[in-house]
Amino acid sequence: MKTVVKMPIGIEDFEKMRTEGFYYVDKTGMITELLNNWSEVNLFTRPRRFGKSLNMSMLKYFFSFGCNPKLFDGLAISEEKELCEKYMGKFPVISITLKGVEARDYEGALSMLHYEIQEEARRFRCLSDSSQLSEEDKKEYQYLIRSCSERIQKDSAKEGQIRKSLRLLSRLLRQHYGQKVILLIDEYDVPLDKANQYGYYEEMIDLIRSLFGQALKTNEHLFFAVLTGCLRVAKESIFTGLNNFNVISVTSTQFDEHFGFSDAEVKAMLESYGLEGTYSLMKEWYDGYRFGNTDVYCPWDVINYVYQLRSDPEARPRAFWMNSSGNAILRTLLQKATSQTMEDLDQLVNGLSVTKKISEELTYRELYDSTDHLWSVLFTTGYLTKKRETALNTYELVIPNQEIRTIFTEQILSWFQEEARKDAPVLDAFCEAFSSGDPAAAERMFSSYLKKTISIRDTAVRKEKKENFYHGILLGLLSHRGDWILSSNAESGKGYSDILIRIHSISVGIVIEIKYSESRNLETACRQALKQIEEKNYADQLIEDDMSTILKYGIACRRNTCMVKMAKT
């Protein structure tokens, strides 16, 4: 019987991946490259959901004392016999993740960071009775792992302990094992991001600078260190004085194939599950990122879509990356948008490019200072990718794929509707135009709204997708009237109408059908919409609901213009 290989959704532990029957895309070539291209401190910056944590787990299991060589059987690193003999299972490894260090105040973040370091220190209980440590050393270790409930600490004492903790643990482990330490810090920038959001950035940057300074700069017990994060926080802010410091960003050619899935890796995965027929959809939705000189897919998306396809071969792609976390950066860009910003977004959403100078050394305090910085953040966090470099630190940028285009479109739509709702009198007049049977006024005001946002005219997007965008805008505007009952894509007559509205206070029912016009002939599209309302009897449900007046609207849209026609019965 053929063994079923499971899809590793959310699996970030390398040992679990290799021992419990999960599909694994071999990234162990990263170990070879790390050892052959030596840097004492290595910082990898990649967007979220590109396999950073799994790669860090892989490094931990490879280098740690007690390594199980079978975990690496058949993988690329197993072919490197000399490297395996020299480095596999030969080091004490300190491995911490800071992704959970997020709190609304400094005290909360301090406690969470304290907990993460304590939990890692507790893995090395052998230090408690090590013959290589003095009694004073053992007391320091006990103090390091002692919980706050066992010894009440002031925040200042806890803070002091955190600052020296990684260097202290490195020293104790080297004394015990007689070997320098490897230090792995995953998602190093999450505490800084949250501190910036909640107003305690100065305190957190000072703490992290001290923690990293002692662990990475003045630590003679360190063999090498690897850090990961989404952003490269300016070197001078927390990495001051690190001379042997290698930053591997999304523009670096080093390690470019070790984060994300290559086209060949995706094809192999689809073939192994008999899903070769979905390749073009997979590529359209999840490919398009460019790290260094390598084109890659987002692993999170590929894995989730394959998982979905295994139970439903007809499943359509979805924006899995969008659902995995918030999109605050894009929302901030929209809030700060100038007319030029909106023109740039128009270009991007429609499959074209914009050229921007990119800075990869911002501090979190600078991120939202200007839209120029926000373009850099959109690039480094995966919303945009490079098409080519046009000058030093200047890139031609594009939206990588259909998933990210969907995120842009939905965020733009949401922002637009929020902005529109701020003007209640105008919205009241807009809704009144529909309920009173005034298509000219409805057309005038809807066109005015559309001119405030961007046009969606990408030829790579199907016509129905374009119609969905305008449908969403109109539905959001009309929902301003809380006393109206709105139905979207509701079954009525012989099909599903775009929008049905019931206004019980005046016994008026409204049917709206929306069309996207590929040409400038909006009137023809309006007539087609009205004809569809009649032929499919979309008004039947309103008649059954005893609406005495039925208003039927055909609306045609193209870019940021529209036409509204009405038929009254």
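Residue check: Trp375 meets all listed conditions (1) closer than 23 Å to Arg405 by Cβ; (2) of a type in the set (Phe, Trp, Tyr); (3) in contact (Cβ under 8 Å) with a residue 60 or more places away in the chain but one, namely (3). When Ile533 is tested against (1) part of a loop (DSSP other than H, G, I, E, B); (2) crowded, with 20+ Cβ neighbours inside 10 Å, exactly one condition is not met: (1). Would you mind stating whether Phe245 is open to solvent by less than 10 Å² (accessible area, probe 1.4 Å) and in contact (Cβ under 8 Å) with a residue 24 or more places away in the chain? Answer is no for this residue.
Residues in the stretch 241-261 that are more than 21 Å from Gly382 (Cα to Cα) and of a type in the set (Phe, Trp, Tyr): Phe245 alone. Only one of the numbered conditions (1) free of Cβ contacts under 8 Å to residues at least 40 places away in the same chain; (2) open to solvent by less than 30 Å² (accessible area, probe 1.4 Å); (3) under 30 Å from Asn304 (Cβ atoms); (4) of a type in the set (Gly, Ala, Ser) is violated by Gly213, and that is (3). Those helices (runs of 4 or more DSSP H) of the stretch 1-117 in which 2 or more residues are aromatic (Phe, Trp, Tyr), touching a residue at least 40 places away in the same chain (Cβ under 8 Å) and in contact with a Phe, Trp or Tyr (Cβ under 7 Å, 6 or more places away or on another chain) occupy 52-63. Residues in the stretch 221-236 that are open to solvent by 10 Å² or more (accessible area, probe 1.4 Å) and either within 23 Å of His373 (Cα to Cα) or modelled with pLDDT under 95 (or both): Cys230, Leu231, Arg232, Lys235, Glu236. Reported count of residues in the stretch 68-103, each being modelled with pLDDT under 95 and either open to solvent by 20 Å² or more (accessible area, probe 1.4 Å) or of a type outside the set (A, V, I, L, M) (or both), is 3.
Take Ile185 and tell me if it is of a type in the set (A, V, I, L, M), modelled with pLDDT under 95 and either buried (at least 18 other Cβ atoms within 10 Å of the Cβ) or part of a helix (DSSP H, G or I) (or both). Criteria not met by Ile185. Among the residues of the stretch 109-133, those that are open to solvent by 20 Å² or more (accessible area, probe 1.4 Å) and either within 27 Å of the chain's Cα centre (by Cα) or closer than 17 Å to Ala195 by Cβ (or both) comprise Ser111, Met112, Tyr115, Glu116.
The set of residues in the stretch 354-376 that are touching an Asp or Glu at 6+ places or on another chain (Cβ under 8 Å), open to solvent by less than 30 Å² (accessible area, probe 1.4 Å) and not in a helix (DSSP H, G or I) contains only Val354. Residues that are in contact with a helix residue (DSSP H, G or I) (Cβ under 8 Å, 6 or more places away or on another chain), open to solvent by 40 Å² or more (accessible area, probe 1.4 Å) and at pLDDT 95 or above do occur in the stretch 299-306. When the stretch 344-372 is filtered for residues that are under 24 Å from Lys466 (Cβ atoms) and touching a residue at least 60 places away in the same chain (Cβ under 8 Å), the ones remaining, listed by number, are Leu345, Asp346, Leu348, Val349, Asn350, Gly351. Anything in the stretch 251-281 that is of a type in the set (Gly, Ala, Ser), in a loop (DSSP other than H, G, I, E, B) and touching a residue at least 40 places away in the same chain (Cβ under 8 Å)? List them, or say none. Selection gives Ser252, Gly260.
The values are calculated or read from the model by the stated rules, or taken from the named source; none is laboratory data. This one's a predicted model, so the numbers in the text were calculated from it and none came from an experiment. In this analysis, Cβ positions are derived from the backbone assuming ideal geometry, glycine residues included, and neighbour counts consider all displayed protein chains. To get the accessible areas, we keep the full protein, side chains included, count just its heavy atoms, and leave off ligands, DNA and RNA. Shrake-Rupley method; radii C 1.70, N 1.55, O 1.52, S 1.80 Å.
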